[in-house]
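The values are calculated or read from the model by the stated rules, or taken from the named source; none is laboratory data. Predicted model only: the values in this text are computed from it and were never measured. Using ideal geometry, Cβ is built from the backbone for each residue, glycine included, and neighbour counts are taken over all protein chains shown. Only protein heavy atoms, including side chains, enter the accessible area calculation; ligands, DNA and RNA are left aside. Shrake-Rupley method; radii C 1.70, N 1.55, O 1.52, S 1.80 Å.
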Amino acid sequence: MVYNFRINLTKMNNQEESAATVTGKIEKEGKEDSPQPSASGMASSAIDGVASTALRSVLQRVQQAAERCVRQSDRIRVVAVSKTKPASLIRQVYDSGHRCFGENYVQELVDKAPQLPEDIEWHFIGNLQSNKVKPLLTGVPNLAMVETVDDEKIANQLNRVVGNIGRKPLKVFVQVNTSGEETKSGVEPSACVDLVKHISSSCPNLEFSGLMTIGMPDYTSTPENFKTLANCRSEVCKALGIAEEQCELSMGMSD
C-alpha cells in the first residue's frame, strides 16, 4: 500500500523562515560590496537551494518515521506541493531527484507544465470544476492523477474527456471529508463506497487508485480523521473485493 504525503515547498523544514534569513543577508551584503550580482537573482538562487536542502530533510524524516512504525519508506510518496511557486524553483527540486509535484489551480498547472520536464508526475490536488476538466487534461499530457474526485458529476466529466482525447486511463482518488468541516470538499464517509463503485463500474477511462482527505489542521489532536479514512479504505476494498494494498491513501497537509 502506498501512502501519499503532501507537503508545501515553502513549509518544508521551516523553509520560509530560512529563505527569508538568507535573502536578507544577501541584500545587506549586496549594498556593502560592489560590484555584485543582482540581489534579486542571488536571493532566488538561495531560496531554490533552501528548497532542495529542505526536501532532503523531509525525505530523511519520512524514512525515520517509516522505520519507527516498521514500514517500508519506498511505500510512502512525498508530493511536493508547488502551487504559486515559479517553474525555476520546481526545476531545482526536480534536479535534486524529486519527480512528484502537486498543484491546486488548473491554469497555473497548464502554464507551468510545458516549462518543465515531461517525466514529472503531476498530481492535481485542488477543487476541480467540470468546465476546467478539458483544459487540464489537454494542457497537461503528463498529468498522473487527480486526487479530488468528490461526486459523480466530476467523475463522469473526467471519464468523458479522457475518452475523447484518447489518453491512457487517468488515475483518480476519491476525496473524503473526514472532519465534517463545511469549508472542506469531499464526499461524506458514508457515501464513499457508492462513489467508488460508480467510478469502478461506470467510468472505464478512470482508474480508481485510492482515497484522499485533508483532515483538521491539528492532526495530533484529531487522529480520528485519518482513522476514518483508513476505515473507509477497508469498506471500499471489501465492497470491490480487492486487497487494501491496492488502495492508496493520501492524507494531511504540510503541518
Full-extension gain in nm, R160 to Q60, via 0.36 nm per residue minus C-alpha separation = 31.9 nm
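So between D119 and V70, what do we pick up on full extension, going 0.36 nm a residue minus the alpha carbon distance? Let's see the in-between values first.
Values: separation 49, 0.36 × 49 = 17.64 nm, distance 3.07 nm.
Between D119 and V70, full extension yields an extra 14.6 nm.
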What accessible surface, in Å², does a 1.4 Å probe find on K153, ignoring ligands, DNA and RNA and rounding to the nearest 10?
-> 140 Å²
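With a 1.4 Å probe and all protein chains in place, put Y94, Y105 in order of accessible area, largest first. Please report the intermediate quantities before stating the final value.
Working: Y94 25, Y105 115 Å².
In descending accessible area the options line up as Y105, Y94.
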Under a plain spin-label model, where a point goes 7 Å from the Cα along Cα-to-Cβ, how far apart in nm are T138 and E224?
-> 4.7 nm
For labels at Q107 and N127 in the simple 7 Å Cα→Cβ model, what's the distance in nm?
-> 1.6 nm
Segment 69-203, Kirkwood Rh and Cα Rg, ratio Rg/Rh at 0.98
What distance in nm separates the simple spin-label points at T183 and E235, each placed 7 Å from Cα in the Cβ direction?
-> 2.6 nm
Cα gyration tensor, segment 165-233 - rounded (a/c under 1.5), prolate or oblate | prolate
Net charge contributed by nearby residues that have their C-beta within less than 14 Å of A191 (K/R +1, D/E -1) | -4
